[in-house]
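Every number here is computed from the coordinates shown, using simple stated rules; none is lab data. Just so it is clear, the structure is predicted and the values come from calculations on it, not from any experiment. When we count neighbours, we look across all protein chains shown, and the Cβ atoms used for this are built from the backbone with ideal geometry, even at glycine.
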Amino acid sequence: MTLENYAVIGHPISQSKSPLIHNRHFETVGRKAIYTSYDVLPGHLGAVLEAFQTLGLRGFNVTVPHKVDIIPFLDVVDEEALEIGAVNTVVNREGKWHGYNTDGKGYLNGLKAMTGSCLEQMRVLVIGAGGAARAVTTVLAKHGVKQLAITNRTPARAVDLKANLGRYINIDVLDQSSARRALSSFDLVINTTSLGMNGEDALPMEIENLKTNVYLSDLIYNPLETRWLQIGKSEAKAVQNGLAMFIEQAALAYEIWTEKRADRAFMARMIREEME
Ligand code: ATR
C-alpha cells in the first residue's frame, strides 16, 4: 500500500494542532498516511493546488487566512460550505478538488454532546460575527433553535449574517448594551470572538444576570479555559471550550477523506493529554 499524503495550509501555521491529531490518529487506526503543515502566503493558492495535484495529495485542511479565498480554486463545493462561505476540508476525487466545511457541523456535534437533544428549545446568543460566527450561526439556523440572536462590536457584520440566513430563521441583531440587558433570557451563550486568547483581553461580555441552567460555549481552546468560562462556570449548568469543535472537525475531515469512521475517543483523549 502506498503512503497517503494529507496536509494543512495556512499562515501562520506553526501553532496548528492538526498535524498532531491526524498523524497520531492515522497511526492508531493503522492507516499508512502522513499529514504535513505548509505555511502558505496569500496569493499562492493556485500554485499550491497544482503542486498538491502533482504530488498526489489525497486531501488537505485549510485554515486562516485561506478558508474563503480557496473556493474559486476548487472543482466542486459542498452546499453548506457555500452557505458558510468558507472551506476547511478538501478531498481529491479522481483529480478533482471537492471542498467542504467541517467547522459548522463539528461545532454542532460538539454542542449536542454538552446540551443533549434539546437545542430546538433554546434561545441562543452568539457573540461575534466573524468567520467562526458564520459557521456556528449557519448550522444553528439550519438545525433550528427557538431564538437566535447575534451581538457584535461591528453591528454591520451581524446584519450581513442575518441577511444570509434569513431563509432559515429570523436572527435578532442586538447592540452590545441590549444584549447585556437581555442576557438572562438566553439558554446558551456562545463566544466566537477572539477575546480570551490573550490573558489581558477584555471579556467578550460581562457575566451578569445569567439564566439559571445556562450553557456557556467558547470556541477558544488555547487557553483551555478562558477567563470568561472560568468566571461563568460557577453560574452555568455546563461550559464547553473549543476543543470539542476542534476534535469533531478533525474527525469529520478524516471521514470525508477516507470514508471510514474516525476514532473520536482516541482523538479527544490524545489532544487533551497534549494540551493539559
Ligand atoms: P474568526 O474567523 O476567528 O471569527 P474574524 O473574522 O477576524 O475571525 O472575527 C473576529 C471576531 O472577534 C469578530 O466578531 C470581531 O468583532 P468585529 O467584527 O467588530 O471586528 C471580534 N473581535 C475581535 N477583537 C475584538 C475586540 N477587541 N472587541 C470586540 N470584538 C472583537
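Values computed for the structure shown
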| read-out | value |
| --- | --- |
| Cut-off under 5 Å, modelled amide H: who pairs with VAL77 long-range | GLY99 |
| Between the stretch 151-180 and the stretch 1-69, the alpha-carbon center distance in angstrom | 34 Å |
| Amide hydrogen neighbours beyond the local backbone of ASP172, cut-off 5 Å, H modeled | LEU148, ALA149, ILE150 |
| Considering only the chain, percent of DSSP beta bridges that pair antiparallel, nearest 5 | 20 percent |
| Trypsin sites (Lys or Arg not before Pro) restricted to the stretch 1-72 and DSSP loop, no more than 10 other C-beta within 10 Å | LYS32 |
| Under 5 Å, built H, 5+ apart or other chain: amide partners of GLY59 | ALA7, ASN92 |
| Calculated [θ] (222 nm, deg cm²/dmol) that DSSP helices of n ≥ 4 give over the chain, each run adding -39,500 (n - 2.57) | -12000 deg cm²/dmol |
| Using θ = phi - 60° and Karplus 6.51 cos²θ - 1.76 cosθ + 1.60, couplings along the stretch 66-80 (whole Hz; Gly, Pro as x) | 9, 4, 8, 5, 5, 3, x, 8, 9, 7, 9, 10, 4, 4, 5 |
| Cα gyration tensor shape for the stretch 104-241, rounded if a/c is under 1.5, else prolate or oblate | rounded |
| Rg and Dmax [Cα atoms of the chain; Å; Rg one decimal, Dmax integer] | 18.8, 60 |
